[in-house]
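Colleague: The structure is given below, and queries will be raised subsequently.
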Number of protein chains: 2
Amino acid sequence: MEKIRVAVAGRGNVGKQAIEAVLAAPDMELAGVVSRRAGAANEGAYKTVGDIAELGKVDVVMVCSPTRAVEAEASKYLAMGISTVDSFDIHSQIVGLRAKLMGIAKANGAVAVVAAGWDPGSDSVVRALMEAMAPGGITYTDFGPGMSMGHSVAARAINGVADALSITIPLGTGVHRRLVYVQLQDGADFDTVAAAVKADPYFAYDETRVTCVDDVKVLMDVGHGVSMSRKGVSGATHNQMLQFNMRINNPALTSQIMVSCARACKRMAPGAYTMIEIPVIDLLPGEREGHIDRLV
Amino acid sequence: MEKIRVAVAGRGNVGKQAIEAVLAAPDMELAGVVSRRAGAANEGAYKTVGDIAELGKVDVVMVCSPTRAVEAEASKYLAMGISTVDSFDIHSQIVGLRAKLMGIAKANGAVAVVAAGWDPGSDSVVRALMEAMAPGGITYTDFGPGMSMGHSVAARAINGVADALSITIPLGTGVHRRLVYVQLQDGADFDTVAAAVKADPYFAYDETRVTCVDDVKVLMDVGHGVSMSRKGVSGATHNQMLQFNMRINNPALTSQIMVSCARACKRMAPGAYTMIEIPVIDLLPGEREGHIDRLV
């Protein structure tokens with residue numbers, strides 16, 4: 001069987017682990033890595049280039065950019081007829097991103113899988129499944145304790161911040177505290193930075209505490225977790241208790257899910273999809289009947 | 001929007017609750033109930049008939065028969081061009097059932113959703129998703145404590161058994177004990193019955209203890225549960241910990257999942273599918289974008 005040729009665009013936390021996940025996938029071949037810092041790092045078992053055209057045929061590109069750069073990046077590749085997977089994580093803008101990429105993907109015979117991480121992503125699949133199992137009731141998603149990559153990147157982007165770490169603390173029933181540790185640039189004013197963090201849409205809706213530290217690096221730990229619970233109603237029967245928990249390395253899981261979704265790009269009709277629109281069997285390598293026999 | 005007309009075939013534990021779940025579904029209309037004991041029970045808000053032809057147009061029929069009658073029942077309805085949902089639960093025979101119903105469904109423009117309960121069913125979706133999240137590693141499924149409907153029906157079918165209850169006890173890491181309580185028919189020999197229970201394929205692979213009781217009814221409690229856990233590898237990162245737990249009313253959940261799968265019959269191309277082949281969004285009523293906005 002011909003292997004799926006996958007490129008990784010971006011060499012941040014997720015990009016680095018996406019490379020490992022592609023190399024570990026039995027049905028994929030790493031076409032190479034696209035990075036603005038291409039020249040400096042042409043070591044290792046793969047090619048690093050500044051322009052994807054240098055990689056020859058690419059079936060799918062993993063867009064491992066900061067969330068706010070995803071739309072432009074994904075649009076560029078889709079317009080070239082290359083399918084994309086991203087882990088865009090601003091929940092309220094996913095419908096819009098999907099709609100924008102839908103047209104470009106269809107016009108160019110490509111597939112875009114959007115918001116393919118763990119939340120949004122695999123957690124979304126579990127939430128949808130829980131609703132199908134118990135249509136009445138409430139689902140709570142409790143994150144952490146753990147570092148939020150999206151929130152840390154957002155904090156780092158604020159004026160005067162040299163480095164930042166945002167830790168999510170679960171307070172139960174979907175309520176969270178954000179602990180933001182910032183390392184200031186020379187001459188930056190802490191109160192101004194703290195106010196800007198709290199005003200950012202990533203932080204504005206939660207209790208956020210900002211602390212100034214000398215060195216953010218020593219606080220880093222990319223472990224994370226989630227606990228989702230639903231108490232609901234199946235038919236006319238109340239008190240159905242459903243729960244999903246995990247403790248995971250965050251960029252490793254995000255990039256693995258992106259790689260699993262890269263398979264779906266070869267199996268879905270052209271268009272843009274979130275994970276709840278893709279049959280889970282299409283995330284797995286190999287033949288369908290074997291999976292049905294083993295997993296169903 | 002036109003409602004999906006759903007019939008329920010069978011009035012056992014699952015059939016009764018399937019009626020409630022259809023009545024609670026905002027996008028469905030109960031076409032009626034098919035039962036061999038039709039005449040005796042034409043009370044209530046719905047029609048009970050002996051032959052589905054008496055119900056007018058039916059889009060989907062919920063096949064709520066004992067597992068071993070599912071193939072014949074589903075085949076009959078599919079041949080009439082009516083889509084089917086069943087909760088067939090003999091794991092090792094699902095690939096075969098799907099293959100048999102596939103041809104009939106396609107030939108008649110209908111959809112069959114097979115093995116649509118919680119295990120096989122929603123648990124299968126979670127197991128497949130966990131593999132996509134951490135392709136290396138082992139998943140353990142621990143059932144109970146709780147009454148197994150499939151195992152109880154199997155025990156009841158054994159010669160000399162007037163009534164039976166099979167309780168599944170989780171011993172951890174996918175190992176179970178079966179506690180089978182049997183009420184004997186007059187003149188039946190307990191040792192013969194116990195040996196026949198232990199030899200049945202439903203029980204042959206687990207530690208099974210058979211106890212003779214005067215009255216099975218007073219022991220009945222249809223609460224059940226599962227704990228699934230996977231410790232696995234995402235990319236090159238080990239020790240990813242994933243877990244799904246639930247405590248539920250068993251026939252209520254089974255029938256609700258069947259009803260949710262009835263929706264997918266209207267959305268999938270003709271053919272036979274297990275739940276891991278169906279996008280979870282297609283199990284939910286209403287428009288896609290609302291679900292994406294709310295759940296992703």
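Colleague: Just need log10 I(q)/I(0) for the range B:11-103 at q = 0.20, 0.21 Å⁻¹, Debye formula, equal scatterers on the alpha-carbon atoms, no solvent, rounded to two decimals.
Modeller: Log-scaled intensity ratios, in q order: -1.04, -1.13.
Colleague: How big is Rg to Rh over the protein assembly as shown, alpha-carbon atoms, Rh as the Kirkwood inverse-mean-distance radius?
Modeller: 1.02
Colleague: Write down Rg/Rh for the range A:146-256, rounded to two decimals, with Rg from the C-alpha atoms and Rh from the Kirkwood relation over Cα pairs.
Modeller: 1.10
Colleague: Rounded to the nearest 100 Å², what is the sum over both chains of accessible area buried where A meets B, with a probe of 1.4 Å? Don't skip to the end; give the middle numbers.
Modeller: Numbers: alone 14370 and 14350 Å², together 23490 Å².
Approximately 5200 Å² gets buried when A meets B.
Colleague: Provide Rg and Dmax in Å for the range B:84-144, with only Cα atoms included in the calculation.
Modeller: Rg then Dmax for the range B:84-144, in Å: 13.8, 41.
Colleague: Which whole-number percentage describes the relative contact order of the range A:1-147, with Cα contacts under 8 Å and a sequence gap of 6 or more?
Modeller: Once normalised by length, the contact order is 17 percent.
Colleague: Provide Rg over Rh for the range A:175-234; use the alpha carbon set for both Rg and the Kirkwood Rh (inverse mean inverse pair distance).
Modeller: Looking at the range A:175-234, the ratio lands at 1.13.
Colleague: Could you tell me what percent of the DSSP beta bridges with both partners in the range A:58-155 are antiparallel, to the nearest 5?
Modeller: Details: 1 of 8 bridges.
Around 10 percent of the beta bridges assigned by DSSP in the range A:58-155 are antiparallel ones.
Colleague: Another question about this same structure. For chain B, what are the per-bin percents of Cα-Cα distances with bins 10 Å wide, up to the bin holding the maximum?
Modeller: 6, 25, 32, 25, 10, 2, 0
Colleague: Please give the average number of partner chain Cβ atoms lying within 10 Å of the Cβ of each residue in A:92-100, rounded to a whole number.
Modeller: Values: counts 1, 0, 3, 8, 1, 0, 5, 2, 0.
For peptide A:92-100, the averaged partner shielding equals 2.
Colleague: Which lysines does A:LYS57 reach when only Cα atoms under 24 Å apart count, and residues fewer than 8 places away in its own chain are ignored?
Modeller: Once the sequence-local lysines are set aside, what remains near A:LYS57 is A:LYS3, A:LYS16, A:LYS47, A:LYS76, A:LYS106, A:LYS266.
Colleague: In whole Å, what is the distance between the alpha-carbon centres of the range A:61-114 and the range B:96-132?
Modeller: Each part's Cα centre sits 31 Å from the other's.
Colleague: With unit charges on the beta carbon (Lys/Arg positive, Asp/Glu negative), name the residue among B:ILE169, B:THR211, B:VAL233 whose Cα is farthest towards the positive pole of the charge dipole of chain B.
Modeller: With unit charges placed on the Cβ atoms, the residue in question is B:VAL233.
Colleague: A follow-up question, please. Between exposed GluC sites (Glu not before Pro) in chain B, where DSSP calls loop and at most 15 other Cβ atoms lie within 10 Å, what's the longest gap?
Modeller: Longest stretch, sites excluded: B:44-286.
Colleague: On average, how many beta carbons from a partner chain sit within 10 Å of the beta carbon of a residue in B:117-127? Mind dumping the intermediate values first?
Modeller: On the way: counts 0, 2, 1, 3, 2, 5, 2, 7, 11, 6, 5.
Average neighbour count from other chains, rounded to a whole number: 4.
Colleague: Here is a follow-up. Could you let me know the centre-to-centre spacing of the range A:232-296 and the range B:153-196, using Cα atoms, in angstrom?
Modeller: Using only Cα atoms, the two centres lie 36 Å from each other.
Colleague: Taking the Cβ-Cβ separation of A:VAL175 and B:ALA45 as r and a Förster radius of 56 Å, what is the calculated FRET efficiency to the nearest 0.05?
Modeller: FRET efficiency, A:VAL175 to B:ALA45: 0.85.
Colleague: May I ask you to derive the FRET efficiency for B:LYS198 and B:ASN108 from their Cβ-Cβ distance with R0 = 35 Å, giving the value to the nearest 0.05? List each step's numbers first, then the result.
Modeller: Values: r = 41 Å, r/R0 = 1.18.
Computed FRET efficiency for B:LYS198 and B:ASN108 comes out at 0.25.
Colleague: If you don't mind, another one. Probe 1.4 Å, all protein chains in place: accessible area of B:ILE167 in Å², nearest 10?
Modeller: Roll a 1.4 Å probe over it and B:ILE167 shows about 40 Å².
Colleague: With the Cα gyration tensor of the range A:41-148 in hand, convert its eigenvalues to equivalent ellipsoid semi-axes via √(5λ) and list them largest first in whole Å.
Modeller: 31, 18, 12
Colleague: Loop-only check: which chymotrypsin sites (Phe, Trp or Tyr not before Pro) in the range B:109-210 are DSSP coil with at most 11 other Cβ within 10 angstrom?
Modeller: Loop-located and lightly packed - B:TYR205.
Colleague: Could you work out the helix-only [θ] at 222 nm for chain A, with each DSSP H run of four or more residues adding -39,500 (n - 2.57) and the total divided by the number of residues, to the nearest 500 deg cm²/dmol?
Modeller: Working: 8 runs with 90 residues, N = 296.
Mean residue ellipticity, 222 nm, calculated: -9500 deg cm²/dmol.
Colleague: Please list the radius of gyration and Dmax for the range A:88-225, considering alpha-carbon atoms only, with Å as the unit.
Modeller: Gyration radius and largest Cα-Cα distance of the range A:88-225: 17.6, 55 Å.
Colleague: For the protein assembly as shown, report the accessible area per residue in Å² (1.4 Å probe, heavy atoms, rounded to an integer).
Modeller: I get 40 Å² per residue for the protein assembly as shown.
The values are calculated or read from the model by the stated rules, or taken from the named source; none is laboratory data. Worth saying up front: this structure is predicted, and the values here are computed from it rather than measured. Note that we place each Cβ from the backbone using ideal geometry, even for glycine, and neighbour counts take in every protein chain shown. Surface areas here come from the heavy atoms of the whole protein model, side chains and all, with no ligands, DNA or RNA. Shrake-Rupley method; radii C 1.70, N 1.55, O 1.52, S 1.80 Å.
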